[in-house]
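This report concerns only the one structure given below.
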Amino acid sequence: MKLYSEVPSLFSRMLNESVVPDNGALANILRACSGGKVSFHFVQQIHAKIIHCGSSTSPIVCNPLIDLYLKNNFVDSAVQIFKNMRTRDSVTWVAMISGLSHSCRELEAILLYCEMRKLGVFPTPYVFSSIISACTKIKSYGLGEQIHAVILKWGFSSELFVCNSLVALYSRCGNLTFAGLIFSEMKHRDKVSYNTLISGLAMQGSVERSLQLFEEMHIESLKPDSVTVACLLSSCASMGVLHKGMQLHSYAIKAGMCSDIIVEGSLLDLYVKCSDVKTAHKFFLATQTDNVVLWNVMLVAYGQMGNLQESFHIYSRMQIEGLQPNQYTYPSILRTCTSVGALDLGEQIHTQVIKTGFQPNVYVCSVLIDMYAKHGKLDTALKIFRHLNEDDAVAWTSMIAGYSLQYMFIEALKIFEEMQERGIRLDNIGLASVISACAGIQALNQGRQIHTQSIVFGYSSDLSIGNALVCLYARCGCIQEARLAFERIYARDNISWNSLISGFAQSGQSEEALKVFSQMIQAGREANTFTYGSAVSAAANLTNVKLGKQIHAKIIKTGYETETEVCNVLITLYAKCGRLNGARRVFLEMPYKNEVSWNAMITGYSQHGYGRQAIQLFEDMKKLQIIPNHITYVGVLSACSHVGLVEEGLRYFKSMTGNHGLVPKPEHYACIVDVLGRAGQVSRAREFVESMPIEPDAMVWRTLLSACTVHKNSEIGIVAAKHLLELEPKDSATYVLMSNMYAVTGKWDYRDRARRLMRDRGVKKEPGRSWIEVKNSVHSFFVGDRLHPLADEIHKYLEDLNKRAAAIGYVQDCNSLWNDLELGQKDPTAYTHSEKLAVTFGLISLSSNMIPLHVMKNLRVCNDCHNWIKLISKVVDRTIIGAELAAQDGKSTAALAACRTMAEKLTAMRFPAPRILAFKEYDSKCFSFQQEGSSQARYFVSQLIPAHKDPPYEQEARFPQLRTLTADQRTKLKSSFIHFDDPSFCEWIWNSRVLALVPS
């Protein structure tokens, strides 16, 4: 029997009797102290005596001393003793290497092994066992395989300790075949051998094989330890094998392991992950409640169920019983607050985080950032983020994802850029969030760069990144790349399909979206809310009510007709296709309506001229205390415009800020301009525009110009046109409106000048085109179309319709756009708009009055055609639905323009361009001028200075001196116009300096 406790008293008597201990005695005393029953202070006293006796370099004494220091975690002291030794034997090296490996200083152990090999010291099995363990801990599996080769060379491959270490190495690196082979070839196996392989198999998800080994272990009368049982339970939990886990629970009870902290946590985790929360709670109540890990597991369990009440009850009880929360407690309850939207409670938990000193903890802060970001409180999230003491990839990912979730894609990409500058590497979730941000603003080039980065980092087969890439390329309209990214996803899920469908739908590729939807159904994949939402949106964009009804039928069949999001897009579909009865029926049958539902119905009424119904619906919405948003007010203001409610429209506009705290956006200002313009109050509309607190955009000026055209006010129209030409010099609609304005006021020279300006700038107007579907065939018509097989019959019937319409008050006014000479030179039918031809063809081909005519046009329908269609509908007693694709897509077009603007800002952020006058060629006769300064000066310069390589322009005819300028003279001429804002001053420069450059 070893009486370690007697050593101190005997050693003291030895010193008192002046007996000088030799090296052997000192070594025995130190070995006796290794039993752990002697205080370490006594060991330090012995070390002092060893130094006093001059034995501090003797291997006999130093070897047990090193071992003692390492076992008590005084690693630096052990290293110092090792360095001071003059001679070292194999025991010294074994003690040092083994101690460093067990003290989490694995790299030092490996370097020491290399030094030992250089000195020619013969390694022992214990050295190899320690080095292999070190390689396993730091995941240096390649080096471990090399050491395995050395082990084979030295003949230690049958040693028990070495084999156990090798089994652990190959199990951890996922090479279960090698681990099993080494295990099967072992001559002798102990419980460590079994435990190691069982743990490795369990961690790799091989539940059946690990349980089989567990049974074999019992047959050989070897007892598993608590770590093995815990690993098996964790494996059962991850695979959802509850019945096997319950058998292990029975074994743990019989073996007396249930009180072990590790086993307790694993058992509770088993029941939680297998969704048996009732049993988990029962087990939790029967355990030692002072284990904070168990409380955390229960918090996670109720959090996964979304049961905030029980989660908070557990959290409160934990505090009542005096348990101190740790870094995993707060994230568990905070995640539940995030998932159920309980921000108030989350903020209370945040105050406790600060009080208990966990504010600097990176893990806790990452969850706090995620909570605030997902609830739109990005300022608070950013404040927490900026106060982090260390760079954590999860925190950066949370910030990026938060910005992306709130559609602040530029800010998300700025955070990503900052992250790259600091050298922080994102994981797959972070990269997926960044790619999603690129998709949000259609930053295709940046997205491609991050795609490349993800491949370099080894995430080419990652599902989340694959889905994000599909969304990126689809939203950017890259059909082939989107499909290629989709095909590369090995295990596609619903998100993969939905990303492709929604991406195509949002980028205007609606036909492609519907094709993918059809392929998804044919592939046997089950569509969900998001799938149907995207598919119906695509049908709505095409105003294809027939296909939309088919999808609606499938929605009803699969039981999604009560989903709010699905009903919202169905309302939009029927409203866009002119089927307001269908839209209203869906709206009334909805079990729950959100603000999007009301907005869709209000907008539908507004778009089809049912202004009073839209306003009434808005009043009903307010009575139900549903808070309107910006989109609601666009619909309401448009409704006021259609029914001529000027004062009501202005009152609603003021109530945006006064009653609901909404800051008006450009589209709201454009609606008020339209309200005033339709009422003929053009001067008041101009005053309103000039008093805007924000800079009027092109939409506002275009609305004003359109009103000036209708009411023949060329004075204000010229001002609006001037601003439009500055803002959108490439938009054909500006030139067309300007030309029409001059035409209706009889200013034919100015009309011709506007058309010539359009031609000189290379701006082309998209020809008006209308479609109508008849008997599953789509027929298209252009202005004055004579190419249709029934052209003669169509024009003949159209004449008859015109007479019948004229009999009830129709007066044609489109010919005001042409002067008498032009009208006399052309066939009158050449001016017939395409929508009239489409309607006429539909009336000829579809004789039944029960079938409504559905005509689509790529441009906005003019006032004359609008009035004509209304009267023809009365004459023939037929429902005629006109869908303006340009008008309907206006919102998406504006969104795309905004995305392009943001993408340009992003490019400027990364690659700032010099602020100089730059010429960018679009075609042989068209140049874009980018200069900091007045757009009026740019316009003036563009009229005077063509490129040197281009043929003479019409301006050169007015200024013949331009024809004789050399290249150098043109360069000087260009520089003369930089930084001049006043057009009249530019003209003075022209007269005073250009003429001086011309050779005499």
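The values are calculated or read from the model by the stated rules, or taken from the named source; none is laboratory data. From a predicted model like this one, the values you see are computed outputs, not experimental measurements. Counting neighbours? That spans all protein chains shown, and the Cβs are built from the backbone with ideal geometry, glycine included. Surface accessibility is based on the protein's heavy atoms, side chains included, excluding ligands, DNA and RNA. Shrake-Rupley method; radii C 1.70, N 1.55, O 1.52, S 1.80 Å.
Note on segment 148-212 and segment 287-365: Cα centroid distance 40 Å, given to the nearest whole angstrom. The trypsin sites (Lys or Arg not before Pro) found in segment 62-136 that occupy coil by DSSP, while having at most 13 further C-beta atoms within 10 Å, are ARG86.
Looking at the square roots a ≥ b ≥ c of the eigenvalues of the Cα gyration tensor of segment 531-619, which shape do they give, rounded for a/c under 1.5, prolate if a/b is larger than b/c, or oblate? Oblate.
Annotation: peptides 788-797, 392-401, ranked by per-residue average of other Cβ atoms within 10 Å with the highest first, follow the order 392-401, 788-797.
Excluding same-chain neighbours fewer than eight residues apart, the lysines reachable from LYS83 by a Cα-Cα span under 25 Å are LYS49, LYS71, LYS118. A straight Cα-to-Cα reach below 29 Å connects LYS273 with the lysines LYS137, LYS139, LYS191, LYS223, LYS244, LYS254, LYS282, LYS374, residues fewer than 8 places away in its own chain not being considered. Under 20 Å of direct C-alpha separation, and excluding same-chain neighbours fewer than eight residues apart, LYS764 reaches these lysines: LYS722, LYS730, LYS857, LYS920, LYS925.
Each Lys or Arg adds one and each Asp or Glu takes one away; over the other residues whose Cβ falls under 10 Å from the Cβ of ARG172, this sums to +2.
When the residues LYS857, LYS654, LYS273 are ordered by accessible surface, computed with a 1.4 Å probe over the protein chains alone, the sequence from largest down reads LYS654, LYS273, LYS857.
The residues of segment 302-367 present an accessible area of 48 Å² per residue when probed at 1.4 Å with all protein chains retained. Karplus-derived 3J(HN,Hα) values for segment 863-872, using 6.51 cos²θ - 1.76 cosθ + 1.60 with θ = phi - 60°, are 4, 4, 5, 4, 5, 4, 5, 4, 6, 5 Hz; glycine and proline are entered as x.
Provide the packing ranking of 218-226, 677-685, i.e. peptides ordered by the mean count of other C-beta atoms within 10 Å per residue, highest first. Could the numbers behind the result be given before it?
Details: 218-226: 13.7, 677-685: 19.7.
Result, highest mean first: 677-685, 218-226.
Karplus-derived 3J(HN,Hα) values for segment 708-722, using 6.51 cos²θ - 1.76 cosθ + 1.60 with θ = phi - 60°, are 5, 5, 5, 9, 6, 10, 6, 4, 6, x, 5, 5, 5, 5, 4 Hz; glycine and proline are entered as x. Residues whose amide H falls under 5 Å from that of ARG769, counting only those 5 or more places apart or on a different chain, are ASN858, LEU859, with hydrogens built in the peptide plane.
Peptides 351-360, 541-550, 445-454, ordered by how many other C-beta atoms sit within 10 Å of their residues on average, highest first, read 541-550, 445-454, 351-360. Share of carbon and sulfur in the accessible area of segment 266-312 stands at 51%, probe radius 1.4 Å. Across segment 95-108, computed HN-Hα scalar couplings (Karplus, 6.51 cos²θ - 1.76 cosθ + 1.60, θ = phi - 60°) run 4, 5, 5, 4, x, 5, 5, 6, 9, 6, 10, 5, 5, 5 Hz from first to last residue, x flagging Gly and Pro.
How much net charge surrounds PHE486 when only the other residues with a Cβ under 15 Å from the Cβ of PHE486 are counted, with Lys and Arg +1 and Asp and Glu -1? Result for the local shell: +1.
Each part reduced to its alpha carbon centroid, segment 92-141 and segment 666-698 end up 80 Å apart. The figure for VAL300 is an accessible area of roughly 60 square angstrom, using a 1.4 Å probe on the protein chains alone.
Spin-label model, ASN629 to ASP792: label points 7 Å out along the Cα-to-beta-carbon direction sit 5.8 nm apart. In the full protein context, segment 100-227 carries 50 Å² of accessible surface per residue, based on a 1.4 Å probe and ignoring ligands, DNA and RNA.
Which chymotrypsin sites (Phe, Trp or Tyr not before Pro) does segment 445-542 hold that lie in a coil by DSSP with at most 10 other beta carbons within 10 Å? Display every interim value, and only then the final one.
Working: sites: PHE457, TYR459, TYR473, PHE486, TYR490, TRP497, PHE504, PHE517, PHE530, TYR532; in loops: PHE457, TYR459, TYR490.
When the chymotrypsin sites (Phe, Trp or Tyr not before Pro) of segment 445-542 are filtered for loop state and at most 10 Cβ neighbours within 10 Å, TYR490 remain.
Pick out, in residue order, every one of the trypsin sites (Lys or Arg not before Pro) in segment 127-206 that is DSSP loop and has at most 13 other C-beta atoms within 10 Å; say none if there are none.
On the way: sites: LYS137, LYS139, LYS153, ARG172, LYS187, ARG189, LYS191; in loops: LYS139, LYS187, ARG189.
Within segment 127-206, the qualifying trypsin sites (Lys or Arg not before Pro) (loop, at most 13 other Cβ atoms within 10 Å) are LYS139, LYS187.
Taking 23 Å as the cut-off for C-alpha to C-alpha distance, list the pairs among LYS623/LYS665; LYS593/LYS622; LYS593/LYS654 that go past it. Exceeds cut-off: LYS623/LYS665; LYS593/LYS654.
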